[in-house]
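What follows is a set of notes on a single structure, which appears directly below.
The values are calculated or read from the model by the stated rules, or taken from the named source; none is laboratory data. None of these values were measured; they are calculated from a predicted model. FYI the Cβ positions are ideal-geometry reconstructions off the backbone, even for glycines, and counts take in every protein chain you see.
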Amino acid sequence: MQCSDAPVIVEQRFDEQIQNVWLAITSLEHMKQWFFEEIPAFEPVVGFKTAFKIQSEQRVFTHLWEITEVIPLKKITYTWKYQEYPGNSKLTFELFEDTPQTTRLVLTHEVTESFPSEIPEFKRESCVQGWNFFIQEQLKRYLS
């Protein structure tokens with residue numbers, strides 16, 4: 001993905017109370033069930049950092065995350081980059097309580113420093129497909 005690309009935005013409604021969706025996106029125990037089981041630690045605290053490796057074919061992607069904003073039960077933002085490659089992005093999960101029993105999640109992934117365009121995993125289509133999978137399939141299944 002490139003800085004010139006529009007942010008990837010994925011929206012999903014869940015038949016869950018907002019606190020349950022918040023736990024799913026901010027609690028290590030829950031995140032390992034639907035997101036990345038390789039995450040070694042996660043705390044929804046500004047300044048918290050974590051790193052973990054994911055292998056895709058012959059490439060290794062060491063994910064480097066740093067929490068930059070937390071508004072409990074509403075919003076969490078972190079930087080998302082990789083140790084092995086140039087590029088940086090900002091990932092934001094925002095929660096909206098539609099009713100006391102339903103929550104809408106809006107994920108926004110915005111590139112702040114371009115990633116290498118020759119690597120398939122950094123293509124916009126791959127990013128869109130990945131977030132649709134995580135939010136509209138994995139997280140939806142986990143919360144149902």
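Determine whether Ser89 is touching a residue at least 24 places away in the same chain (Cβ under 8 Å), among the hydroxyl-bearing types (Ser, Thr, Tyr) and assigned to a strand (DSSP E or B).
yes
Every residue in segment 49-75 that is of a type outside the set (A, V, I, L, M, F, W, C) and assigned to a strand (DSSP E or B), please.
Once the filter is applied, which keeps residues that are of a type outside the set (A, V, I, L, M, F, W, C) and assigned to a strand (DSSP E or B), segment 49-75 yields Lys49, Thr50, Lys53, Gln55, Ser56, Arg59, Thr62, His63, Glu66, Thr68, Glu69, Lys75.
Could you figure out which of (1) assigned to a strand (DSSP E or B); (2) surrounded by 12 or more Cβ atoms within 10 Å (Cβ to Cβ) isn't true of Val46?
(1)
Residues being of a type in the set (D, E, K, R), more than 25 Å from Ile18 (Cβ to Cβ) and either modelled with pLDDT of 95 or more or crowded, with 17+ Cβ neighbours inside 10 Å (or both): count how many of those fall in segment 55-94.
Summing the residues that are of a type in the set (D, E, K, R), more than 25 Å from Ile18 (Cβ to Cβ) and either modelled with pLDDT of 95 or more or crowded, with 17+ Cβ neighbours inside 10 Å (or both) in segment 55-94 gives 2.
Give me the pairs, please: first residue somewhere in segment 41-54 and of a type in the set (A, V, I, L, M), second residue anywhere and assigned to a loop (DSSP other than H, G, I, E, B), beta-carbon distance under 9 Å, and either six or more positions apart or on two chains.
Filtered contacts from segment 41-54: Ala41/Phe48; Ala51/Pro40; Ala51/Gln83; Ile54/Phe36; Ile54/Glu38.
Across segment 21-43, what is the number of residues that are in contact with a Phe, Trp or Tyr (Cβ under 8 Å, 6 or more places away or on another chain), surrounded by fewer than 18 Cβ atoms within 10 Å (Cβ to Cβ) and not in a loop (DSSP other than H, G, I, E, B)?
2
Within segment 124-144, is even one residue over 16 Å from the mean Cα position of the chain (by Cα), outside any helix (DSSP H, G or I) and closer than 21 Å to Gln17 by Cα?
Checking segment 124-144: at least one residue is over 16 Å from the mean Cα position of the chain (by Cα), outside any helix (DSSP H, G or I) and closer than 21 Å to Gln17 by Cα.
Name the single residue, out of those in segment 95-141 being among the hydroxyl-bearing types (Ser, Thr, Tyr), in contact (Cβ under 8 Å) with a residue 12 or more places away in the chain and loosely packed, with under 15 Cβ neighbours inside 10 Å, that is nearest to Asp15 (Cα to Cα).
Among those residues, the one meeting the criterion is Thr112.
So which residues in segment 1-20 are touching an Asp or Glu at 6+ places or on another chain (Cβ under 7 Å) and either buried (at least 17 other Cβ atoms within 10 Å of the Cβ) or modelled with pLDDT under 95 (or both), if there are any at all?
Of everything in segment 1-20, those that are touching an Asp or Glu at 6+ places or on another chain (Cβ under 7 Å) and either buried (at least 17 other Cβ atoms within 10 Å of the Cβ) or modelled with pLDDT under 95 (or both) turn out to be Cys3, Ile18.
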